[in-house]
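Chemist: Quick one: this structure, given as structure tokens, is what I'll be asking you about.
Readers should treat all values here as calculations from the given coordinates under stated rules, not as data from a laboratory. A quick note: this is a predicted structure, and the numbers were derived from the prediction, not measured. Note that each Cβ is placed from the backbone with ideal geometry, even for glycine, and that neighbours are counted across all protein chains shown.
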Amino acid sequence: MKRLKTALFVTLTVSAAAAVAFAQPPAGKDLLWAFPVASAVVNKAPAPVPVGPQQVAGSDKSYTQVQLDSTAAAVDWFPDQHLPQPTIVRDGQANFGFACGSCHLANGRGHPESADLSGLTAEYIIRTMADLKSAARNDPIRMTAVSKATPESDVREAAAWFASLKTANVQWIKVVEQATVPHTYIGPGRMRFIDPDAPGVEPIGKRVIELPVEIQRVRQRDPRATFIAYAPPGSVAKGKALVSGKGKTPPCALCHGEKLQGLGNVPAIAGTHPAYIARQLYDFQTGARNGADAQLMKGVVAKLDDDDIVALSAYLATLPRG
């Protein structure tokens, strides 16, 4: 048990150190809820670390917690549900130590700290990687560095594979409006967890606090794990009005499709993790996203304030994906 905990701590520490130099949230704002940067990670387990191999329902695979926490090799609980993974998706040795599937998962959905690639076209993914590599787009987590270390042939293989994944019409995130939330911290995997050392609640403020419904399933990288997102009262209604074009933005459906499920190379935004949506909106505002696809969005986000971004992020998470 002692060896397992030591190995787990080393894995987490190395992963955090690798990302510490990457871009930070916009200056002057407390936006850690949307930008879970490695420098904010607290290296403590949110629950006891299981000993030995673990399994999830419906899978005959097994992995230890050290394997599950590693970014160097992607776990794949259900390999029969998709095409065989290219090497770059499953093996981080070829990619700056980060296997694509370790963060984006075997269904492409990812977690709050990573992008949802399900339903995206290969062309969109390839263009995104090119923007990251050229610094036209700057990622606050780790993709800027990863893009520079990934050969073009691997980018195309990964893009084609993620584009082949079928999106499931599942409600992955439940949004709950309330004025207070439990004290939380950014822990393993740069995910947010309830802090067992800080009982009680605190005002939610201008944040969306997204937590796993079942901690261990999320830490197991179970692609079917679900989340609950706490948002300030009134956020969903305000976000819906903004999305509909009744406020500071044009209707989002004009570009993202009637149900916001994406339209051609314009990505889906329905059912996306609130932290990810917020990061993108702030990045458009600050210029961290400057690729060709970003130019239309700059005008859309120009008048949005923090409350608007929280509301949009909360509302979009209520919609089904796929």
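Chemist: Give me the distance in nm between label points sitting 7 Å out from Cα along the Cα-to-Cβ direction at V201 and T87, one decimal.
Modeler: Going from the V201 label point to the T87 one covers 5.3 nm.
Chemist: Treating the beta-carbon of each Lys and Arg as +1 and of each Asp and Glu as -1, no other charges, what is the dipole magnitude of the chain about its Cα centre, to the nearest 20 debye?
Modeler: Its charge dipole is roughly 120 debye.
Chemist: What order, most packed first, do the peptides 56-62, 232-238, 114-120 have when packing is the mean number of other Cβ atoms within 10 Å of each residue?
Modeler: Ranked by mean Cβ neighbours within 10 Å, highest first: 114-120, 232-238, 56-62.
Chemist: Over the Cα atoms of the stretch 134-207, Rg to Rh with Kirkwood Rh, two decimal places?
Modeler: 1.12
Chemist: When the expected Rg is taken as 2.2 N^0.38 Å, what fraction or multiple of it is the alpha-carbon Rg of the chain?
Modeler: Against the empirical 2.2 N^0.38 Å value, I get 0.94 for the chain.
Chemist: How much length, in nm to one decimal, is gained on full extension between K303 and R224, taken as 0.36 nm per residue of separation minus their Cα-Cα distance?
Modeler: That works out to 24.8 nm of additional length.
Chemist: Can you list residues whose amide H is under 5 Å from I228's amide H, if they're 5+ apart or on another chain and H is modeled 1.01 Å from N?
Modeler: Under 5 Å from the amide H of I228 lie the amide H atoms of K174, L211, V213, each far enough along the sequence or on another chain.
Chemist: Follow-up. Compare A163, A47, A311 in a GNM of the chain, Cα atoms joined below 10 Å, and give the one with the largest fluctuation.
Modeler: A47
Chemist: Relative contact order for the stretch 173-317: what is it in percent, counting Cα pairs under 8 Å that are at least 6 residues apart?
Modeler: 26 percent.
Chemist: Please work out, to two decimal places, the log10 of the ratio I(q)/I(0) at q = 0.16 Å⁻¹ from a Debye calculation in which every Cα of the stretch 118-252 carries one identical scatterer.
Modeler: Computed log10 I(q)/I(0) values: -1.16.
Chemist: Given 25 °C and 0.890 mPa s, how large is the Stokes-Einstein diffusion coefficient of the stretch 214-272 in µm²/s, with Rh as the Kirkwood radius over Cα pairs?
Modeler: 181 µm²/s
Chemist: With equal scatterers on the alpha carbons only and no solvent term, can you work out the Debye log10 of I(q)/I(0) for the stretch 173-317 at 0.13, 0.20, 0.21 1/Å?
Modeler: Reported log10 I(q)/I(0), two decimals: -0.61, -1.26, -1.33.
Chemist: Need one number: nm distance between label points at T286 and H183, each 7 Å from Cα along Cα→Cβ, rounded to one decimal.
Modeler: 2.7 nm
Chemist: Hey, another quick one. Compute the projected area of the convex hull of the Cα atoms of the stretch 54-126, averaged over all viewing directions, and report it in nm² to one decimal place.
Modeler: Computed as one quarter of the Cα hull surface, the answer is 5.4 nm².
Chemist: Follow-up question, since we're still on this one. With θ set to phi - 60° and the Karplus curve 6.51 cos²θ - 1.76 cosθ + 1.60, what are the ³J(HN,Hα) couplings of the stretch 261-273 in order, to the nearest whole Hz, using x for Gly and Pro?
Modeler: Using θ = phi - 60°, the values come out as 8, x, 8, x, 8, 8, x, 5, 10, 5, x, 8, 4 Hz.
Chemist: What list of ³J(HN,Hα) couplings, whole Hz, do you get for the stretch 63-73 from phi and the Karplus terms 6.51, -1.76, 1.60, once you set θ to phi - 60° and write x for glycine and proline?
Modeler: 9, 7, 5, 4, 5, 5, 7, 6, 8, 7, 8
Chemist: Remind me, relative contact order of the chain in percent, using alpha carbon pairs under 8 angstrom and six or more residues apart?
Modeler: 19 percent
Chemist: Also, quick follow-up: How many times 2.2 N^0.38 Å is the alpha carbon radius of gyration of the stretch 94-186?
Modeler: In units of the globular-protein estimate, the stretch 94-186 measures up at 1.24.
Chemist: Something else about it: Please give the calculated 222 nm ellipticity per residue for the chain, where each DSSP H segment of at least 4 residues contributes -39500 (n - 2.57) and the sum is spread over every residue; nearest 500 deg cm²/dmol?
Modeler: -10000 deg cm²/dmol
Chemist: Just grab the label-to-label distance for A135 and S62, each label 7 Å out from Cα along the Cβ direction, in nm (one decimal).
Modeler: Label-label distance for A135 and S62, simple model: 4.9 nm.
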